[in-house]
Amino acid sequence: MLVGTIAQGRWPVGTRLPAERMLSAEFGVSRNTLRSVLKRLEARGVVAIRQGSGCYLKSLDAKPAPEATTEDDSLTSLMARFEAAYLFLPEVVALAAGRIDGAKLRTLEGSIAELGKAIVERDMDGIKAKTRDFFCVIADSTNNPVVNEVIRSFVASSSVLFPRFFSFSEEERDKMFGDFVYIFHALKNRDPEKSRQATIRKIVNTAGAFSQLSKIPLSPLIQASAMRLQQKDDGGDD
């Protein structure tokens, strides 16, 4: 979250913070939520908001107030979205594995290439756009208009698939990108079960990294799945 990033010294005192668009994309919150946080920080003397110029850091003492904040609520809501994604997204991808055609597979492959380019260029808007494209192509491949509508609504309103991407370590970012590649290859092989499992792993990996970063606990459902995946990896199962 923003207050933690400030406290960790990411930006020197006196620095102008990145634009609202960039911060809201990085931290996976709406601009209204971000503005609310910035106003509270301004009231505590942590930042100075200068009309027409930007937001400047005045202090690194950005300890959050003890009561729940709008940002905390937003983070908790994001974890609930992980659980929602876990419940239905793997089945959608598994369904698409049996129905996807060659043209859509080529489109998915192109989306992955463009996603990789956006990551290299640190283009958060591009990352989110290509992530949405990836899952919308999969939704189209189910040939089910209701599934298509639900998935498009979900990915359009949620940053759950790539929250706060550049706050994670390079190793975690590589893993998150790799999960998209695994999903693609499972779809290319038209293997519903491997597509399902690759999607579960993607959601669990992203939720786990986010949980560690934000100190928001995983839902029991995702926690149990993470433990099963760890046991499988430790046992060397395919």
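Any residue at all in region 215-232 that's out of contact with any Asp or Glu (no Cβ under 7 Å at 6 or more places or on another chain), loosely packed, with under 13 Cβ neighbours inside 10 Å, modelled with pLDDT under 90 and closer than 19 Å to residue 27 by Cα? Break it down stepwise before answering.
Residues of region 215-232 out of contact with any Asp or Glu (no Cβ under 7 Å at 6 or more places or on another chain): 215-218, 220, 223-232.
Checking the rest, the ones that are also loosely packed, with under 13 Cβ neighbours inside 10 Å come to 215, 217, 220, 224, 227-228, 230-231.
From what is left, the residues that are modelled with pLDDT under 90 are 215, 217, 230-231.
The next check asks that each one be closer than 19 Å to residue 27 by Cα; those that pass are 215, 217.
The answer is yes, given that some residue of region 215-232 is out of contact with any Asp or Glu (no Cβ under 7 Å at 6 or more places or on another chain), loosely packed, with under 13 Cβ neighbours inside 10 Å, modelled with pLDDT under 90 and closer than 19 Å to residue 27 by Cα.
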Original post:
When you scan region 139-172, how many residues do you find that are at pLDDT 75 or above and of a type in the set (Gly, Ala, Ser)?
Top reply: 5
Original post:
Is there a residue in region 13-25 that is surrounded by 18 or more Cβ atoms within 10 Å (Cβ to Cβ) and in contact (Cβ under 8 Å) with a residue 60 or more places away in the chain?
Top reply: yes
Subject >> Scan of region 209-231 for residues that are assigned to a helix (DSSP H, G or I) and more than 22 Å from residue 88 (Cα to Cα), ordered by number >> reply: 212, 213, 214, 231
Subject >> Filter result (over 19 Å from residue 89 (Cβ atoms) and either free of Cβ contacts under 8 Å to residues at least 60 places away in the same chain or not assigned by TED's automatic domain parsing to the domain that holds residue 184 (or both)) within region 106-148 >> reply: 106, 110, 113, 114, 117, 118, 119, 120, 121, 122, 123, 126
**OP:** Might you let me know whether region 7-18 holds any residue that is among the charged types (D, E, K, R), within 24 Å of the chain's Cα centre (by Cα), at pLDDT below 90 and in a loop (DSSP other than H, G, I, E, B)?
**Re:** yes
Original post:
Can you tell me which of 110, 102, 98 is within 17 Å of residue 199 (Cβ to Cβ), over 17 Å from the mean Cα position of the chain (by Cα), of a type in the set (Gly, Ala, Ser) and surrounded by fewer than 16 Cβ atoms within 10 Å (Cβ to Cβ)?
Top reply: 98
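The values are calculated or read from the model by the stated rules, or taken from the named source; none is laboratory data. These numbers come from a predicted model, not from an experiment. Don't worry about glycine lacking a Cβ; one is built from the backbone with ideal geometry, like all the others, and counts go over all protein chains shown.
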